[in-house]
Amino acid sequence: MSDQSRRFPSDFVWGAATASYQHEGASNEDGRGESVWDRFCATPGKVRNGDSGAIACDFYHRYRDDIALMRELGIDAFRFSVAWPRILPNGRGAVNDKGLDFYDRLVDELLGSGIEPFVTLFHWDTPQVLEDAGGWPARATVDAYDEYVEAVAGRLGDRIKHWITHNEPWVVAWIGYGWGHHAPGRTSDADALATAHHLLLSHGRAVEILRALSPGSEVGITLNLDHPYAASDAPEDVAAARWVDGMHNRWFLDPLFRGEYPSDMLEAFQPTMPAIEDGDMRTIGAPIDFLGVNNYTSPLVGADANGGRSRFFHREDVDRTDMGWEVVPEGLHDMLVRVQRDYDPPAIYVTENGAAFADVRGHDGAVLDPERQAYLAEYIDAAGRAIDQGVALRGYFAWSLMDNFEWAWGYWKRFGIVYVDYATLERVPKGSFYWYRDFIESSRAQADEAAA
Ligand code: IFM
């Protein structure tokens, strides 16, 4: 452990993350409006076991106890998201003060505990009323998002030093609007591409709003970036990997850092592209202070013999998590190095990394999760090696602080370093929680020693 913890500077931010719909619960309290995920969960057959975020981890009521756990963990920062339907239950117009009050209390409790809030503004819970009016494929949703960002920044902007405009726009666009496995469950490539453009545009507009209403804060966006490896040097495998990289990564990285969509992908998507208005790309490319990277796995990609653009290969020689995701720590290292080389963001945070495993409580009530511990250790080591290569990595957030609602999988998949007993809502720190606590402590001690 000591070798890897020595890599991290003393101001490196160690954190844990979660998101509003996944942990808050209290879905009908204090004036919160309906979100697309409430509606999706209520639609038979969409979410495993008919689960929903109605109660989730009840973080809305238990946040003080959860912050006490964070203190025990010793993290520097907590990444959470604000639920848009708590702030603007009707999508536009009247702001719900009780919704803002909750985040006010949460932020103050965190700061009072010496924990820096990293606030994600959109982690997928669009107000349903906006979806009914056209959702993200409609440009008007960008205007509605502006109002929302103004309301949140107006209230919290004096205390928040790190804002994340969006979480994983690729997932919202393609899984939510293109393939329908997530809310709102639409299945249209044109909707997916319009959603991606409007999410990017709303990001750029949010950057302007946050610069004005939260001066001195740092603003970024979080992308899910997997590093696709070509299955061989054969040109068709290399082209397939490049396609996957274009679709998942470059489609978002290029506009954000170069102000343009990648030309090879644009050519392929041209027939289904939304209208791009003058000035959109400039807005999207507004300078940001950091890039958030979520990384869990990295696929092995080759040509598809059945005529598709690409095929994901099943590696035999790696471990898998309970999601079936392949454990490829090198992919995090390679992705970080590549993003720094190709796009040169001023700073990078790993805003999510972690693993689901089928955790159970032992007879003594404890939850031992050596696989997760090994996963975190290997990925953190890979992140450290990226720093050695000159990557401006400033922090790492474990996903997730606690087991929570894993979208279409419901409560079946457990990502937490804290176990949640959903029958009683009791929290039980897992073995990985204690490992991470000790790792952070030793990393700090070694950094201080080196600085002395
Ligand atoms: O739970 C999700 C999170 O909401 C977004 N990133 C991936 C996680 C695990 O699937």
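The values are calculated or read from the model by the stated rules, or taken from the named source; none is laboratory data. The shown structure was predicted, so the numbers you read here are calculated from the model rather than taken from an experiment. Ideal geometry is used to build each Cβ from the backbone, glycine not excepted, and the neighbour counts take in all protein chains shown. Side chains included, ligands, DNA and RNA excluded: accessible areas come from the protein's heavy atoms. Shrake-Rupley method; radii C 1.70, N 1.55, O 1.52, S 1.80 Å.
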What is the percent carbon and sulfur in the accessible area of the chain, measuring with a 1.4 Å probe over the protein chains and ignoring ligands? 48
So what is the 222 nm mean residue ellipticity for the chain from helices alone, if each DSSP H run of at least 4 adds -39500 (n - 2.57) and you divide by all residues, rounding to the nearest 500 deg cm²/dmol? -12500 deg cm²/dmol
Lys/Arg +1, Asp/Glu -1 at C-beta; the chain dipole; positive extreme among GLY410, LEU106, THR187: LEU106
Computed FRET efficiency, Cβ-Cβ of TYR422 and ARG71, R0 22 Å: what is it to the nearest 0.05? 0.35
Determine which lysines satisfy two conditions relative to LYS413: a Cα distance under 27 Å, and not lying fewer than 8 residues away in the same chain. LYS46, LYS430
Accessible area, probe 1.4 Å, largest first, for residues ILE276, ILE160, ILE209: ILE276, ILE209, ILE160
Accessible solvent surface per residue of the chain, calculated while the other protein chains remain in place, 1.4 angstrom probe, Å²: 37
